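One structure is given below, encoded as structure tokens.
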Amino acid sequence: MSTTETKFWTIDPSNVDSIQIEEAAALLEDNQAVAFPTETVYGLGANALDEQAVQGIFAAKGRPADNPLIVHVADKNQIEEVVTHIPQMAHKLIDAFTPGPLTLILESNGSCASNVTAGLSSVGVRIPDHPVARALLQACRLPLAAPSANRSGRPSPTSAEHVYKDLNGRVAGIVDGGATGVGVESTVVDCTGDRPVILRPGGITKEDLEEVVGPTDFDPALVNQKEKPKSPGMKYTHYAPEAPLWLVEGDLDFLQSQVDQLQQNDKRVGVIVSKEHAEQIQADEVQVCGSRDHLNEVAVHLYSALRSFSTETIDVILCESFPEQGMGYAVMNRLKKAATQVITQDK
Ligand code: TXA
Ligand code: MG
């Protein structure tokens, strides 16, 4: 694609500047693509009602056309404008968790451009909880289709610098609102059936959802890799760092032995470990990504850790495994997708 001049704005989320928001909103109203922060990761937004505007997102990201986009809206009324109806369980989820890191899959009423939903009869909607995202949505009064603002296949961006590296010259604008909060994307919940089904784990845990709507299932494809995922995007390579990532299931000695073996074969090894293990591990580069006791912290730092290694200095990245509980479920889902292999210690 030809290069575009990308405009930049830096906005303090605690004191949102309306002039800058108006400028960014004007580009969105002009059907151009603008990246902005949400509470999960940065999104690349465009008018969800306009096919050409949405096409600009697919082109900038290099995203496969069969992967539908999430529509971001300002409030519940705006959800009603793009769906046939809101089932009871979705009402409960919206009231309990939005604005927030939750995407609901509902029956589409056909208002959004057909490339938003990639031809599906359903549409993903979410009300983000970030002052900059909310101000933009209010200023342009458009539903905004917005996938994560990374080149397709790369880790999602949690800072404006990440977006700049992937999309400068490919999008009309980037709004820098500082680092995002949650660090992994929203939880995608299918509400078109009898009970809620989690298609992608994320910022709201299964336990959180069950407190509000009772028994909630995981899409079988999340549990068994042979199943076809119901969320089209879940089948693609995702979150991949520059160097191959090996996910290591085992204790710290096992992780160290894997580093040692690679180094003996002249490989430069980067590791991603928890705070608890950082002092004890020896490797060429060590990235700390939060505490094993606070998996929310690991989520916050995960993508920037994956992005921190360059093939100029590192040949292989090893990452420790985390417990698949609470936010650990989303963290491990992303790591398994990012990894080229999983290495498991013999018991
Ligand atoms: O936190 C987030 O959700 C971020 C921020 C920017 O809001 N957005 C995000 O979008 O992660 P994206 O495009 O990277 O991921 C959207 C996911 C994909 O796995 C896609 O397949 C799924 O949602 N999805 C979207 N619409 C769907 C639908 N109608 N049915 C099933 N899955 C859908
Ligand atoms: Mg994405």
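Worth a mention:
- Of all the listed residues (258, 282, 264), the sole one being at pLDDT 95 or above and surrounded by 17 or more Cβ atoms within 10 Å (Cβ to Cβ) is 258.
- Candidates in the stretch 171-186 are the residues that are within 13 Å of ligand 1 (Cβ to nearest atom) and outside any strand (DSSP E or B); of these, the one that is surrounded by the fewest Cβ atoms within 10 Å (Cβ to Cβ) is 181.
- Note on the stretch 88-108: residues that are part of a helix (DSSP H, G or I) and within 16 Å of ligand 2 (Cβ to nearest atom) total 0.
- Within the stretch 319-333, tally of residues that are part of a loop (DSSP other than H, G, I, E, B) and free of Cβ contacts under 8 Å to residues at least 40 places away in the same chain: 3
- In the set 152, 111, only one residue is among the hydroxyl-bearing types (Ser, Thr, Tyr), within 11 Å of ligand 1 (Cβ to nearest atom) and either assigned to a loop (DSSP other than H, G, I, E, B) or surrounded by fewer than 24 Cβ atoms within 10 Å (Cβ to Cβ) (or both); that residue is 152.
- Hits in the stretch 72-89 (condition: more than 8 Å from ligand 1 (Cβ to nearest atom) and touching a residue at least 40 places away in the same chain (Cβ under 8 Å)): 73, 74, 75, 76, 78, 79, 81, 82, 83, 87, 89
- Yes/no for residue 176 being more than 14 Å from ligand 2 (Cβ to nearest atom), farther than 30 Å from residue 83 by Cβ, charged (D, E, K, R) and out of contact with any Lys or Arg (no Cβ under 6 Å at 6 or more places or on another chain): yes
- Screening the candidates 135, 146 for the property of being touching a Leu at 6+ places or on another chain (Cβ under 9 Å), at pLDDT 95 or above and closer than 23 Å to residue 6 by Cβ yields one hit, 146.
- Applying a threshold of 7 Å to beta carbon distances and a minimum spacing of six or more residues, or different chains, the list of pairs starting in the stretch 177-203 at a residue that is under 30 Å from residue 9 (Cβ atoms) and of a type in the set (Lys, Arg) and ending at one that is in a strand (DSSP E or B) and within 7 Å of ligand 1 (Cβ to nearest atom) reads 200/188.
- Cβ pairs under 9 Å, 6+ apart, first in the stretch 226-247 and over 15 Å from residue 318 (Cα atoms), second at pLDDT below 75: 228/235; 229/235
- Screening residue 137 against (1) within 13 Å of ligand 1 (Cβ to nearest atom); (2) farther than 21 Å from residue 299 by Cβ; (3) part of a loop (DSSP other than H, G, I, E, B) leaves a single unmet condition, (3).
- The stretch 271-311, residues that are touching a residue at least 40 places away in the same chain (Cβ under 8 Å) and touching a His at 6+ places or on another chain (Cβ under 8 Å): 303, 304, 307
- Verdict on residue 186 being within 22 Å of residue 7 (Cβ to Cβ), within 12 Å of ligand 2 (Cβ to nearest atom) and among the hydroxyl-bearing types (Ser, Thr, Tyr): no
The values are calculated or read from the model by the stated rules, or taken from the named source; none is laboratory data. Since this is a predicted model, take the numbers as computed values, not measurements. When we count neighbours, we look across all protein chains shown, and the Cβ atoms used for this are built from the backbone with ideal geometry, even at glycine.
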